[in-house]
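I'd like to ask you about the structure that follows.
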Amino acid sequence: ADWAAAEALIRALPSTSRVLLICHVNPDGDALGSMLGFGLGLRRLGVHRLQATFPGPPEVPDPFRGLPGLELLVPASAADPAPDLVICFDAASESRLGELAGRLSTAPAALVLDHHASNPGFGTVNLVDPRAAATSVVAEQLLARLGVPLDRAIAECLYVALTTDTGSFRFEATTPAVHQLAARLLATGISPGDISRRVFDTRPFGAVRLFGEVLGRARLEPAAADGRGLVWTFATLDDLARHEQRPYVLEALIDSVRCTAEADVSCVLKQTAPDEWAVSMRSKGAVNVSRVAVALGGGGHTFAAGFTGRGTAEQVIEAIRGELTGALLAGDA
Ligand code: 5GP
Ligand code: MN
Ligand code: MN
């Protein structure tokens, strides 16, 4: 990680520079929170020609509609002036940037902030820390180096990012440093109860019924990988249409599946086109699901990864089964 170069890049920005902030497709709390929090920080440094955007449909998922800094979000258009600097948040690879990937490669400078071990470092300057619990941890460190004080708005963005990516401080990456950062964020006066209710504990009734249906068709395969189970389910475009729900509501589904005691690996297949599925995978520690995902064209972290699957749901699961044994973690059998 090249902290000095990243700091110099930002410090050298004239106040008239145009900075484009981008994050990965289907943005989650870490992608949006680190991008908007850092954008608000840049504004405090006097950089005002800021545009934040993400690939795909421009709708912000309901859980993130209360984030400060949403006014920075402007859908990208071909008429946009060329930016002097592009900053990319929480994207493990350029492929996660969809139609915005070109913006990054043609910009005079590109700064990549991320925490995926598989990130090849596709910027001109890269701050990639695989030990960081969230990209927001990296973003906050850079803001601190730049001397930007944490205000409530920045803190709320970074808190949403930190809590979403650590599963509310439940995952292994929850280090003392994570709690120390959370303490600094809370000290600005943000309301963790309100934030958590909005981000984690609010969904439309239709989504509750949709979850019931999709969880009702979950399958448990006892001997999927070395005697440890695989649990999986799928949600179709028709399921979404019948319950009048937008695709983002399915992002929380994996959390209701991965709690299965009999399974180490859990998968949710979310249909995105007739023969296409966004696949979420989790492991409790026996399988490196990132290896499975990379083998099938995706990526992610050791215990949380994903890829785009093609064919029927059964074909996608068969492809996963084929990769599981090879992805068993040594010494864990
Ligand atoms: P989720 O299951 O929450 O969508 O994603 C879990 C992890 O897998 C995230 O760190 C995300 O970056 C990664 N991931 C999910 N889907 C894909 C994908 O299609 N391609 C790649 N490269 N990574 C993915
Ligand atoms: Mn993310
Ligand atoms: Mn992240």
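Any chance you could get the radius of gyration and Dmax over the Cα atoms of the stretch 134-191, in Å?
Taking only Cα atoms of the stretch 134-191, I get Rg and Dmax of 10.6, 30 Å.
Just the projected area, averaged over all directions, of the convex hull on the alpha carbon atoms of the stretch 3-200: how many nm²? Could the numbers behind the result be given before it?
Working: hull surface 39.8 nm².
Its average projected convex-hull area is 9.9 nm².
Can you put I254, I154 in order of Cβ neighbours within 10 angstrom, beginning with the fewest?
I254, I154
Oh, and also: What's the longest piece of the chain with no exposed GluC sites (Glu not before Pro), counting a site as exposed if DSSP puts it in a loop and it has at most 15 other beta carbons within 10 Å? Let's see the in-between values first.
Values: sites that count: E59, E172, E244, E262.
So the longest stretch without any such site is 60-171.
If one takes the longest principal axis of the Cα atoms in the chain, at what angle in degrees, from 0 to 90 and to the nearest 10, does the Cα axis of helix 135-145 lie?
For helix 135-145, the angle is close to 20 degrees.
How charged is the neighbourhood of L220? Take every other residue with its Cβ under 12 Å from the Cβ of L220, and add Lys/Arg as +1 and Asp/Glu as -1.
0
Which of K270, K284 comes first, and how do the rest follow, when ranked by fewest Cβ neighbours within 10 Å?
K284, K270
Based on other C-beta atoms within 10 Å, arrange M35, M281 from fewest to most.
Starting with the residue having the fewest Cβ neighbours, the order is M281, M35.
Pick from V178, V289, V112: which residue has the top mean-square fluctuation in a GNM of the chain where Cα pairs under 10 Å get a spring?
V178
Compute the projected area of the convex hull of the Cα atoms of the stretch 205-327, averaged over all viewing directions, and report it in nm² to one decimal place.
6.6 nm²
Also, I was wondering about something else. Determine the calculated [θ] at 222 nm for the chain from helices alone, applying -39500 (n - 2.57) to every DSSP H run no shorter than 4 residues and normalising by the residue count; nearest 500 deg cm²/dmol.
Here the helix-only value at 222 nm equals -10500 deg cm²/dmol.
Another question, then. Sorted from largest down, what three extents in whole angstroms do the Cα atoms of the chain have along their principal axes?
Largest first, the chain extends 59, 44, 41 Å along its Cα principal axes.
Just so you know, all these numbers are worked out from the coordinates, no wet-lab data involved. Keep in mind that this is a model prediction, so the values were computed, not measured. Every residue, glycine among them, receives a Cβ derived from its backbone with ideal geometry; neighbour counts consider all protein chains shown.
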